[in-house]
Amino acid sequence: MKFLTRFLSFLSVACLMSGNSLQAQHRELLDYGWRFQLGDDSTWVAPNFDDSHWRQLDLPHDWSIEGSFRQDHPMGNDGGYLPAGTGWYRLRVKAGSLRDKSSYAIRKLYFEGVYQHSSVYVNGKLAGGHPYGYASFWVDVTDLWQPGQDNLIAVRVDNSVQKNCRWYSGSGIYRHVWLYGMNPNRMDDPWKLYVRTGQLKGISADGLTADTASVEISYGDYHESRTYYNVKLWSPEHPTLYPIKVGELEIEHGFRTISYSAQTGLLLNGKPYILNGGCLHHDNGIIGAAAYDASEWRKARLLKEAGFNAARTSHNPPAEEFIRACDHLGLLVIDEAFDGLRAKKTDHDYHELIDQWWQEDVDALVLRDRNHPSVMCWSNGNEVYERKKLEIVTTSRKLERRMRADDPSRGVTQALCGWDKDWEIYDPLAETLDIMGYNYLIQYAESDHERVPERVMWQTESFPAEAFKSWEATQDHIYVIGDFVWTAIDYLGESGIGRAHYASDPADRGEHWVGSKWPWHGAYCGDIDLTGWRKPVSHYRDILWNDAEERLFLAVREPDCYRDSIICTSWSVWPTWQSWNWPGWEGKDIEVEIYSRYPRVRLYLNDQLIAERNTSRAEEFKATIALPYQAGTLRAVGIKTDGTEDIARQQTLRTAGQPARLRLTADKSQLSASQPDVSFIVVEVLDAQGNVVPDAAVPLTFRLQGKGTLLAAGNADLTDQTPYANHLSSARMQDDPKTNLTTHSTWKGRAVCAVRSGRHPGNLKLSVSGEGVQSYTLTIPVK
């Protein structure tokens, strides 16, 4: 069956779509109006239980982020020293609309994510639940639902058994909840629908279009092939999407093909392609695990703006909205199911669940995400501890076969590591994979290629400080198809990884797994910090991979012993800043770093030439220049091949004066009242001339007026023990004034806050004030 598609019409529809990639009229969002209580009591399941004294809130919700940092919290170093525990949620669903339609023979609740060990009750009776906190799951409530009446949903969430994760998990119903109405004779189950690109014919020389493209559609026993003409192909650079309707369902499809071999490397739409990837955990910084659509898009947008073309969802299924954002913005994704498998990494991690739940959890990942063009590969594990045992080969093969049964169109990988000399022993495990993931071991690529010439490799984790080495491996070896740095963005938990710390740091010495790292409550190994600021290493990576976009960057290495002696760890880089404020260091040498894709660069201080240096590949596209510190204006300029200076792209750092005023910049110009929506607002401290004061630590007060919620405030200092969101835990009602006032300090001249819209149009007014600086008020329309 062939259909002539009107693509301009399709494109206009795609631009108007909002929310989850699945478009369906037979579902309702159940995020609003829940009651919540920490603790545990079996009487809370009863429909007639009076929960009016419980806190009222909307989903998504993470109760751990609302707590205070304490060294004795059981999640400990891994969970960022935040609280866990058990909590209950109750929602009274009023009669009406979809909930009462007699045309639906089946009713199901769909939970996108509950961390963890959830039990779901409907009208007082157990309906289902799921133990793995990162998996999406369905609960069939057909027999318990009472059409025409109010229905009571109660959810018990138990995250009290610790430790169960090596990073910050959050606690609660932290993703969306939906109610679906279905019928067995209709195509209305989104996990049964499978749409994939078939053949592309007549691909243009630039790989952007195809004369014809087929799409293969399956739903249970139903199969259909459709042909489209003059198709724009999907790629990270051109993420074109087309809506495809099947029965009651509509998805967004990107036409693209992916293939790889050790002889050709990675081919995207028939053209060579190399992956510049970043690993990232699931949390959203200061708002914790709460997966608002806007926060998932922000995460993807930060990666894209930093020059990445790929992401690895380490080490668990992400929010589906993150995958949708990658579809739209253009990021290829390694979609990862698990961290550990049978051998435990923490006392209560997935090794307790794998025998009973592995198949259901694999299905939950693959069936949910297989229709997304951004997903290029499945990952079945990460640095598994049983890697030297024969059982891992059997386990990996089972996982791989199940993934392929659900989706024959994609390959399977696993991230392997080894900290001793027993590397070749992993060859049988590697044979179960389509692409072998190397964590920090790309130095074995050449010898492995000689031993196993058909192996396709990528570095699934790399050290930030080895950016050039990792980039070079992909340039010199066609069988190394990409690199994924650990990590793209700073995250909560796994406290202390990536820290370059002072000798006076009270945390235990050594790497993050050695002893307590209190007061550190997160990881500082990201290219991007919690406020969204790109660290200099991010710009260096961008210059390596995307030389046409960013060609020059100027940064300054913090002098050793400026504040104290500096100690680096394996995942850190030397503290380097966009700062020419070093009072008290006058006349002493300070090192300036220039990252450049020009053949040579020049450095000026107060318009006096300091030095000229080569910055070719032989110099790793970098120049380090020492000079005596003197306040003023530092300027770097690239020298073009004709010998002239490229003034248009020069980089400048100026010594800033005293803090004088604030500047607020929101990542969204307006918010929606029709769905849970969030804006992240960056606060910067400026001097009288408008320069950012890069060493300013100004205590701030945040106030929000209007029908919305001030979700959190924070900075990028992962030793700052000021809670991000504990003002929310003391507020009982949604419009309680306590939800809209909090305090936090800037660090390195920056802070960030998050504001959530209410359900009514109007204006939100965010006022931020600080001692000694002019305050700032930002108006955010809600429409």
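The values are calculated or read from the model by the stated rules, or taken from the named source; none is laboratory data. In this text, all values refer to a predicted model and were calculated from it rather than measured experimentally. When we count neighbours, we look across all protein chains shown, and the Cβ atoms used for this are built from the backbone with ideal geometry, even at glycine. With ligands, DNA and RNA removed, areas are computed over all heavy atoms of the protein, side chains included. Shrake-Rupley method; radii C 1.70, N 1.55, O 1.52, S 1.80 Å.
Computed quantities for the displayed model
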quantity	calculated
Charged-residue dipole, Cβ positions (Lys, Arg, Asp, Glu), the chain about Cα centre, Debye nearest 20	1900 debye
Mean ellipticity per residue at 222 nm, deg cm²/dmol - from DSSP H runs of n ≥ 4 across the chain, formula -39500 (n - 2.57)	-3500 deg cm²/dmol
For region 387-397, 3J(HN,Hα) per residue [Karplus equation, 6.51 cos²θ - 1.76 cosθ + 1.60, θ = phi - 60°, Hz, x = Gly/Pro]	4, 8, 9, 4, 4, 5, 5, 5, 4, 4, 5
Cβ-based net charge around residue 305, under 12 Å, with every Lys or Arg adding one and every Asp or Glu removing one	0
Rounded percent of accessible protein surface that carbon and sulfur make up, the chain, 1.4 Å probe	48 percent
Dipole magnitude of region 510-662, debye to nearest 20 (Cβ charges: Lys/Arg +1, Asp/Glu -1, about Cα centre)	220 debye
Convex hull (Cα only) mean projected area of the chain, reported in nm² to one decimal	33.4 nm²
Relative packing of 118-127, 649-658, which averages over residues the other C-beta atoms within 10 Å, highest first	118-127, 649-658
Positive-end extreme of charge dipole, the chain - chosen from 444, 393, 546 (charges on Cβ)	546
Prolate/oblate/rounded call for region 212-322, Cα gyration tensor, a/c under 1.5 rounded	oblate
Added length on full extension, which subtracts the Cα-Cα distance from 0.36 nm per residue, residue 360 to residue 58	105.9 nm
Compactness of region 604-759 as Cα Rg over 2.2 N^0.38 Å, two decimals	1.44
FRET efficiency, 1/(1 + (r/R0)^6) with R0 41 Å, evaluated for residue 588 and residue 647 via beta carbons	0.85
Given charges at Cβ of Lys, Arg, Asp, Glu: region 174-286 dipole, positive-most of 200, 184, 284	200
Stretch gain in nm, segment residue 511-residue 705, where the contour uses 0.36 nm per residue and the Cα spacing is subtracted	65.4 nm
Using a Förster distance of 45 Å, the FRET efficiency for residue 393-residue 140 (Cβ separation, nearest 0.05)	0.80
Cα gyration tensor category, rounded, prolate or oblate, for region 293-333 with a/c compared to 1.5	oblate
Radius 12 Å from Cβ of residue 470, net charge of other residues (Lys, Arg +1; Asp, Glu -1)	-4
Peptide ranges 213-221, 273-281, 392-400 listed from the most packed, as the mean C-beta count within 10 angstrom indicates	273-281, 392-400, 213-221
Environment charge of residue 253, counting only residues whose C-beta is closer than 14 Å and scoring Lys/Arg +1, Asp/Glu -1	+1
Under the Karplus curve 6.51 cos²θ - 1.76 cosθ + 1.60, θ = phi - 60°, whole-Hz ³J(HN,Hα) for region 312-322, x wherever Gly or Pro sits	10, 8, 6, 10, 6, x, x, 5, 4, 5, 5
Within region 29-55: backbone nitrogen closer than 20 Å to the residue 95 label point (7 Å, Cα to C-beta)	47-49
Kirkwood Rh in Å, taken over region 678-783 so that all alpha-carbon pairs contribute	14.2 Å
Cross-link pairs 232/783; 389/421; 163/517 - those with Cα-Cα distance over 21 Å	232/783
Greater than 18 Å apart at Cα, pairs in 271/469; 201/271; 299/535	271/469
Positive-end residue, the chain charge dipole about Cα centroid, Cβ charges, pick of 611, 679, 174	679
Karplus 3J(HN,Hα) series, Hz, for region 300-305 with 6.51 cos²θ - 1.76 cosθ + 1.60 (x for Gly, Pro)	5, 5, 4, 4, 4, 5
Residue 619-residue 722 pseudo-label distance in nm [points 7 Å out on the Cα-to-Cβ vector]	4.1 nm
Residue-span extension gain [residue 434 to residue 344] - 0.36 nm each, minus C-alpha spacing	29.9 nm
Rg followed by Dmax, in Å, when region 202-265 is reduced to its Cα trace	13.7, 43
